[in-house]
Amino acid sequence: MSDDWIDKPYDAEQRFAAARGKNIAPDFWQTKKLEKMTPDEWELLCDGCGKCCLNKIEIRREVKFTRAACRFLDCESGLCRIYEHRFDKVSDCRLITLEAVREQPRWLPKTCAYWRLDNGLPLPDWHPLITGRAASVHEAGMSVRGRGTVSESGVKDYEDYVVDWPDL
Ligand code: SF4
Ligand code: SF4
């Protein structure tokens, strides 16, 4: 299969730089409900942790995360390699909507900005919106980067890959 549609390396900083030129209120996440956010504000909430790209299995109505990631997640950088084409190429890649955030059992990590705000919790101090830097999620050890994630491609039994990270 041709890899022509694989994106150039994604520059996470660029997402925040682009937002600076837009009319986005400072601290909008403290003053607006998720329901009221603009698409640009909504997009900025994502911290880029990549934990929603980990495969999960459900055991007794509880979602267990595995360290086996979507085959399009770059396990070194923790970034999606096909971000612009993700919904065309991966049938179970989820759009993060309010309904998805509220789905039970919970499948987003406890650190996920959408889940936190929807549950009345503040953004963590390492969140890129607080630090002003996309890399801070990785520096805080809160992303998938450097945590032994593997591509799902070679995985036979997901139960062998279940992880119990405290930030899930
Ligand atoms: S878990 Fe939440 S904050 Fe992290 S990458 Fe997914 S949507 Fe973004
Ligand atoms: S295609 Fe979707 S699930 Fe796969 S790495 Fe990209 S954003 Fe994550």
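The values are calculated or read from the model by the stated rules, or taken from the named source; none is laboratory data. Bear in mind that the values here come from a model prediction, so they are computed numbers and not experimental data. So basically every Cβ, Gly included, is an ideal-geometry build from the backbone, and we count neighbours across all protein chains shown.
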Here is a list: ALA113, ALA68, ALA134. Which entry is within 12 Å of ligand 1 (Cβ to nearest atom), more than 12 Å from the chain's Cα centre (by Cα) and small (Gly, Ala, Ser)? ALA134
Here are LEU44, LEU34, LEU123, LEU73: which of them is within 16 Å of ligand 2 (Cβ to nearest atom) and either over 28 Å from TYR158 (Cα atoms) or among the aliphatic types (A, V, I, L, M) (or both)? LEU73
Out of the residues in the range 47-59 meeting the condition of being within 16 Å of ligand 2 (Cβ to nearest atom) and in a strand (DSSP E or B), tell me which one is farthest from SER143 (Cα to Cα). ILE57
Can you pull out every residue in the range 147-158 that is loosely packed, with under 12 Cβ neighbours inside 10 Å and either part of a loop (DSSP other than H, G, I, E, B) or among the acidic types (Asp, Glu) (or both)? GLY148, LYS156, ASP157
Need pairs with beta-carbon distance below 8 Å; first residue under 19 Å from THR111 (Cβ atoms) and among the charged types (D, E, K, R) and within the range 50-77, second away from ligand 1 (no atom under 14 Å from the Cβ) and part of a helix (DSSP H, G or I); sequence gap 6+ or separate chains. ARG67/TYR161
Could you check how many residues of the range 60-89 are outside any helix (DSSP H, G or I) and at pLDDT 90 or above? 15
Quick one: what pairs do we get from the range 33-45, first residue more than 15 Å from ASN23 (Cβ to Cβ), second exposed (fewer than 13 other Cβ atoms within 10 Å of the Cβ) and not hydroxyl-bearing (Ser, Thr, Tyr), C-beta under 6 Å, 6+ apart or different chains? none
Any chance SER77 is surrounded by 14 or more Cβ atoms within 10 Å (Cβ to Cβ), among the hydroxyl-bearing types (Ser, Thr, Tyr) and out of contact with any Leu (no Cβ under 9 Å at 6 or more places or on another chain): yes
Go through the range 88-110 residue by residue and tally those that are within 14 Å of ligand 2 (Cβ to nearest atom) and either among the charged types (D, E, K, R) or more than 15 Å from the chain's Cα centre (by Cα) (or both). 6
Across (1) within 14 Å of ligand 2 (Cβ to nearest atom); (2) assigned to a helix (DSSP H, G or I), VAL144 clears everything bar (2)
Top-ranked residue in the range 20-45 [being outside any helix (DSSP H, G or I) and among the polar types (S, T, N, Q); ranked as surrounded by the fewest Cβ atoms within 10 Å (Cβ to Cβ)]: ASN23
